[in-house]
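This report concerns only the one structure given below.
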Amino acid sequence: AQSVTQPDIHITVSEGASLELRCNYSYGATPYLFWYVQSPGQGLQLLLKYFSGDTLVQGIKGFEAEFKRSQSSFNLRKPSVHWSDAAEYFCAVGGEADYKLSFGAGTTVTVRA
Amino acid sequence: DSGVTQTPKHLITATGQRVTLRCSPRSGDLSVYWYQQSLDQGLQFLIQYYNGEERAKGNILERFSAQQFPDLHSELNLSSLELGDSALYFCASSPQGRGYNEQFFGPGTRLTVL
């Protein structure tokens, strides 16, 4: 069965500092991996996705993620965080033979001035 | 704006009642997915429709049902509501039913059962 683990429930980071959110997945075939962001009271917005090819993927809002098959990880990074990045971040996995996405529990990011 | 619309934004009702949530997918998308987001269960997949047909079922209760109409909009029906059904219900759409699985999410309907 597919699953996603986001080990960090809550992360606090200073504005301008770097951010890394961890994601580990379990999937029996070739995974499709996604990071979504949810701002308070909003829906989920896709930040980036990995289907195949270059394992370092660039997304919107200055985010990037690296797929590491050997570690079953797809960690999200941003070099310099802005106050507007405060939100909840979800990692998700799907696949060629799947219809649904399985989401992690989410990581809440707080940005302090 | 993802292009996926959901109505209503908020819904407050009482236990035992029945409600209908509506979703219009992005133009051209054939597949619609429903998810439930609650504090204790997180984001859970409920059901998927592709071009009017049910394609996959997740953790959907028997009290819940859905359908997709010829114009591709979808409705999620929740009946005999319980306090525990209070949650944010998201609809998502994608161009196809599988493979290219990028899903675009609507703003959600917040259901409160009193």
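Restricted to the stretch B:1-52, the set of strands (runs of 3 or more DSSP E) holding at least 2 residues that are free of Cβ contacts under 8 Å to residues at least 60 places away in the same chain, over 20 Å from B:V113 (Cα atoms) and within 14 Å of the chain's Cα centre (by Cα) comprises B:42-50. Selection of the stretch B:1-26 for residues being among the hydroxyl-bearing types (S, T, Y) and modelled with pLDDT of 95 or more yields B:T5, B:T7, B:T13, B:T15, B:T20, B:S24. Given the options B:P107, B:P70, name the one that is part of a loop (DSSP other than H, G, I, E, B), under 19 Å from A:W35 (Cα atoms) and not charged (D, E, K, R). Every option except B:P107 fails the conditions. The criterion of being within 14 Å of another protein chain (Cβ to nearest Cβ), touching a strand residue (DSSP E or B) at 6+ places or on another chain (Cβ under 8 Å), surrounded by 13 or more Cβ atoms within 10 Å (Cβ to Cβ) and over 20 Å from B:G58 (Cα atoms) does not hold for A:Y27.
Listed here are the residues, each with its yes/no results for (1) in contact with a strand residue (DSSP E or B) (Cβ under 8 Å, 6 or more places away or on another chain); (2) within 14 Å of chain A (Cβ to nearest Cβ); (3) under 19 Å from A:Y99 (Cβ atoms); (4) surrounded by fewer than 15 Cβ atoms within 10 Å (Cβ to Cβ).
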position	(1), (2), (3), (4)
B:T13	yes, no, no, no
B:R26	yes, yes, yes, no
B:S31	yes, yes, yes, no
B:Y35	yes, yes, yes, no
B:E62	no, no, no, yes
B:A66	yes, yes, yes, no
B:L76	yes, no, yes, no
B:S80	no, no, no, yes
B:L83	yes, no, no, yes
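Looking only at residues in the stretch B:53-83 that are small (G, A, S) and at pLDDT 95 or above, the one that is nearest to A:G43 (Cα to Cα) is B:S74.
Of the residues making up the stretch B:94-114, those that are polar (S, T, N, Q) and modelled with pLDDT under 95 number 4. Restricted to the stretch A:30-113, the set of strands (runs of 3 or more DSSP E) holding at least 2 residues that are crowded, with 16+ Cβ neighbours inside 10 Å and facing another protein chain (nearest Cβ under 8 Å) comprises A:31-38, A:44-50, A:87-95. Scanning the stretch A:73-106 for residues that are touching a Lys or Arg at 6+ places or on another chain (Cβ under 8 Å) and touching a residue at least 60 places away in the same chain (Cβ under 8 Å) yields A:K78, A:D85, A:G94, A:E96, A:A97, A:D98. Scoring B:E53 on the criteria (1) touching a strand residue (DSSP E or B) at 6+ places or on another chain (Cβ under 7 Å); (2) closer than 19 Å to B:S94 by Cβ leaves a single failure, condition (1).
The values are calculated or read from the model by the stated rules, or taken from the named source; none is laboratory data. Just so we're clear, the structure is a prediction, and the values are computed from it rather than from any experiment. Every residue, glycine among them, receives a Cβ derived from its backbone with ideal geometry; neighbour counts consider all protein chains shown.
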